[in-house]
Amino acid sequence: MPSTPHANPSRRTLLLTGASRGIGHATVKRFSAAGWRVITCSRHPFPENCPWEMGPEDHIQVDLGDPDSTAAAIAEIRRRLPEGELHALVNNAAISPKAEGGARLGTIDTPLEVWNHVFQVNFFAPIMLARGLIDELRRAKGSVVNVTSIAGSRVHPFAGAAYATSKAALAALTREMAADFGREGVRVNAIAPGEIDTSILSPGTERIVEQIPMRRLGTPDEVAKIIYVLCTDTSSYVNGAEIHINGGQHV
């Protein structure tokens, strides 16, 4: 292995937001195992228990809910790409605020400032990152993967209205980006996970499992594997797709 993340210019690089748990954590492990350099972004400092080499050096602390912080992070990311190439951007970070006691926030009781914050993190940050790094993505003929949700296409018993509508907007953004970025040689796709076995599952999820044809939750690694495929030549002619990863819950 190279002693620094910059020693091998042919090594592919992934930028991942929301890497500290669940799908993001599994994605880090999947790409790292394949030899990729992984640059992570989250609002938390680098967690010491994370397994990837160069993790602390290639972690950027950023508040994606703050446009100025996001813009500063983009400048820092570009500085950390001396070859000027970014092979994959995975927009995984998202927030889903709850009411007191963990209750669902609907359209009537979600404060406007909550709507704004959710959309800044879940919708505006992904397009800011992609546009801010378009030159690096273009040079690498890279790939963008936006993580949407099954909640973006139906009313969900736990996901709040702001979260759900932000994910629906991100799905529409994926189509628009695929049309625009595709002309630049950059593919843009989305994955829409259903009920995945992570620490953020809500109480009562077991009732939803009864409605899933496969009768089980998905695993973070099952999602990470599809993200990986969308960032490699295996999917070289896939652009503008939203792939459902939900065990058939959407049918």
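The values are calculated or read from the model by the stated rules, or taken from the named source; none is laboratory data. As the structure is a computational prediction, the values presented were derived from the model and not from experiment. Positions of Cβ are backbone-derived with ideal geometry, glycine not excepted, and every protein chain shown enters the neighbour counts.
Within segment 60-102, take every residue that is part of a loop (DSSP other than H, G, I, E, B) and of a type in the set (Lys, Arg) and give me the one that is farthest from HIS156 (Cα to Cα). Ranking the candidates gives ARG80 first.
Residues checked against (1) in contact (Cβ under 8 Å) with a residue 24 or more places away in the chain; (2) closer than 25 Å to VAL38 by Cβ; (3) in contact with a Ser or Thr (Cβ under 7 Å, 6 or more places away or on another chain):
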position: ALA169; (1), (2), (3): yes, no, no
position: MET177; (1), (2), (3): yes, yes, no
position: ARG183; (1), (2), (3): no, no, no
position: MET214; (1), (2), (3): yes, no, no
position: THR234; (1), (2), (3): no, yes, no
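Being under 30 Å from THR232 (Cβ atoms), in contact with a helix residue (DSSP H, G or I) (Cβ under 9 Å, 6 or more places away or on another chain) and part of a helix (DSSP H, G or I), is that true of even one residue in segment 105-122? Scanning segment 105-122, I find at least one residue that is under 30 Å from THR232 (Cβ atoms), in contact with a helix residue (DSSP H, G or I) (Cβ under 9 Å, 6 or more places away or on another chain) and part of a helix (DSSP H, G or I), so the answer is yes. For segment 96-110, does any single residue satisfy the condition of being closer than 16 Å to GLY18 by Cα and at pLDDT below 95? Within segment 96-110, one or more residues are closer than 16 Å to GLY18 by Cα and at pLDDT below 95.
When the residues of segment 103-136 are filtered to those that are among the acidic types (Asp, Glu) and surrounded by fewer than 18 Cβ atoms within 10 Å (Cβ to Cβ), the one that is farthest from GLY152 (Cα to Cα) is ASP135. Filter segment 80-89 for residues that are farther than 17 Å from GLY185 by Cα and crowded, with 19+ Cβ neighbours inside 10 Å and give the result. Once the filter is applied, which keeps residues that are farther than 17 Å from GLY185 by Cα and crowded, with 19+ Cβ neighbours inside 10 Å, segment 80-89 yields only LEU81. Scanning segment 197-232 for residues that are modelled with pLDDT under 75 and among the hydrophobic types (A, V, I, L, M, F, W, C) turns up ILE200, LEU201.
Among the candidates VAL90, VAL114, the residue that is closer than 18 Å to ARG37 by Cα and not acidic (Asp, Glu) is uniquely VAL90.
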